[in-house]
Amino acid sequence: MSDAGDILVLLAAGSARRMQSVVDDKTLAPLCGTPVFIHALRAFVRSGKIGRAILTYRDDAQLIRIRHLLEDEPADLPITFVRGGDSRQESVLAALSTCETHTGFVHIHDAARPLVTPAAIEKVRDRALETGAAILAGRSSDTVKIARADSSAVAASPDRSLVWTAETPQVFRTADILRAYRKVNEAGRKVTDDSSALESIGVEVALVENPDVNLKITRPSDFALAEAVLRSRGQ
């Protein structure tokens, strides 16, 4: 498809290794009565910035469950399903590879981040339009320690005012991030977030501060925290 409207890549193919068997799939688990990934999807729909979505899935069993959960959602957002890989990096590349001719921007978001707001989505997207690449991020409120490679001893303590924690969505020109991921893949490098792929080929990425809670559901206790935030927002 050669449309220039924004695309959402929503990553739902990850495992629930740190969930201690509390849930079998954190992205499909209910949060205030709604699956985690649907909270995220609705935020992008409400932002009015997305023309279509690509949702990555883990296996056929998960895809069946995802399709079933989406049955009651509005059908005006076209959704393409792409099977993910063994890692987040592989899943992103699989999704981006279906966007060869896309001339606009892509928003890459972890489905396990259900608290993202339409306002935050608009904010990072507007910055990406100015710079070509922008990510939602939070300023570190803690002092960060860098460990030695060969032990747990402290090697350095960077200036906290310069430390940010990367979040999603991360918004890029589709052609740029696809090229970056392909180069990273060809070089056999591993990246844990999308902006790292662009940085590795010399593209500058803008940081956009997110004043809202945007936690990633990782551990069982995160569900209670996320529910409390949603209730405070009246959701």
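The values are calculated or read from the model by the stated rules, or taken from the named source; none is laboratory data. Note that the coordinates shown come from a computational prediction; the quantities given were computed from them, not determined experimentally. Glycine gets a Cβ as well: all are built from the backbone with ideal geometry, and neighbour counts include every protein chain shown.
Looking only at residues that are free of Cβ contacts under 8 Å to residues at least 60 places away in the same chain and closer than 19 Å to Glu199 by Cβ in the stretch 153-171, which one is nearest to the chain's Cα centre (by Cα)? Walk me through how you get there before you give the answer.
So in the stretch 153-171, the residues free of Cβ contacts under 8 Å to residues at least 60 places away in the same chain come out as 153-167.
The next check asks that each one be closer than 19 Å to Glu199 by Cβ; those that pass are 158, 162-167.
Values: Pro158: 26, Leu162: 22, Val163: 20, Trp164: 16, Thr165: 13, Ala166: 10, Glu167: 7 Å.
The selected residue is Glu167.
Condition check ((1) under 14 Å from Val9 (Cβ atoms); (2) assigned to a helix (DSSP H, G or I)) across all residues:
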residue	(1), (2)
Gln89	yes, yes
Thr98	yes, no
Thr103	no, no
Val106	yes, no
Ala120	no, yes
Ser161	no, yes
Arg179	no, yes
Arg182	no, yes
Glu186	no, yes
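Tally time: how many residues in the stretch 134-160 are touching a Lys or Arg at 6+ places or on another chain (Cβ under 7 Å) and either of a type in the set (A, V, I, L, M, F, W, C) or surrounded by 14 or more Cβ atoms within 10 Å (Cβ to Cβ) (or both)? Lay out the reasoning, then the answer.
Applying the first criterion (touching a Lys or Arg at 6+ places or on another chain (Cβ under 7 Å)) to the stretch 134-160 yields 134, 140, 143-144, 154-155, 157.
Going one step further and asking which of them are either of a type in the set (A, V, I, L, M, F, W, C) or surrounded by 14 or more Cβ atoms within 10 Å (Cβ to Cβ) (or both), we end up with 134, 140, 144, 154-155.
The total comes to 5.
Just a yes or no: is a residue in the stretch 179-186 in contact (Cβ under 8 Å) with a residue 40 or more places away in the chain, within 23 Å of Thr56 (Cα to Cα) and touching a Cys at 6+ places or on another chain (Cβ under 8 Å)? Walk me through how you get there before you give the answer.
So the first thing to find is which residues in the stretch 179-186 are in contact (Cβ under 8 Å) with a residue 40 or more places away in the chain, and the list is 181-182, 184-185.
Cutting the leftovers down to within 23 Å of Thr56 (Cα to Cα) gives us 181-182, 184-185.
From the residues that got through so far, the ones that are touching a Cys at 6+ places or on another chain (Cβ under 8 Å) too are none.
No; the residues of the stretch 179-186 include none that is in contact (Cβ under 8 Å) with a residue 40 or more places away in the chain, within 23 Å of Thr56 (Cα to Cα) and touching a Cys at 6+ places or on another chain (Cβ under 8 Å).
What number goes with the only condition from (1) under 15 Å from Phe44 (Cβ atoms); (2) in contact with a Leu (Cβ under 9 Å, 6 or more places away or on another chain); (3) among the polar types (S, T, N, Q) that Ser97 does not pass?
Every condition holds for Ser97 apart from (1).
When you scan the stretch 134-152, do you find a residue that is in a helix (DSSP H, G or I) and either over 15 Å from the mean Cα position of the chain (by Cα) or modelled with pLDDT under 95 (or both), even just one? Break it down stepwise before answering.
Taking the stretch 134-152 and keeping what is in a helix (DSSP H, G or I), we get none.
The answer is no, given that none of the residues of the stretch 134-152 is in a helix (DSSP H, G or I) and either over 15 Å from the mean Cα position of the chain (by Cα) or modelled with pLDDT under 95 (or both).
Please count how many residues of the stretch 191-222 are part of a helix (DSSP H, G or I) and out of contact with any strand residue (DSSP E or B) (no Cβ under 6 Å at 6 or more places or on another chain).
The first filter runs over the stretch 191-222 and keeps only residues part of a helix (DSSP H, G or I), leaving 194-199, 221-222.
Narrowing further to those that are out of contact with any strand residue (DSSP E or B) (no Cβ under 6 Å at 6 or more places or on another chain): 196-197, 199, 221-222.
Qualifying residue count, the stretch 191-222: 5.
Within the set of pairs 6 or more residues apart or between chains, which connect a residue that is touching a residue at least 40 places away in the same chain (Cβ under 8 Å) inside the stretch 47-58 to a residue that is of a type in the set (Lys, Arg) and outside any helix (DSSP H, G or I) with Cβ atoms less than 7 Å apart?
Tyr57/Arg83
Quick one: Cys99 ticks every box in (1) surrounded by 15 or more Cβ atoms within 10 Å (Cβ to Cβ); (2) among the hydrophobic types (A, V, I, L, M, F, W, C); (3) over 30 Å from Ala29 (Cβ atoms) bar one, so which box is it?
Result: Cys99 fails condition (3) only.
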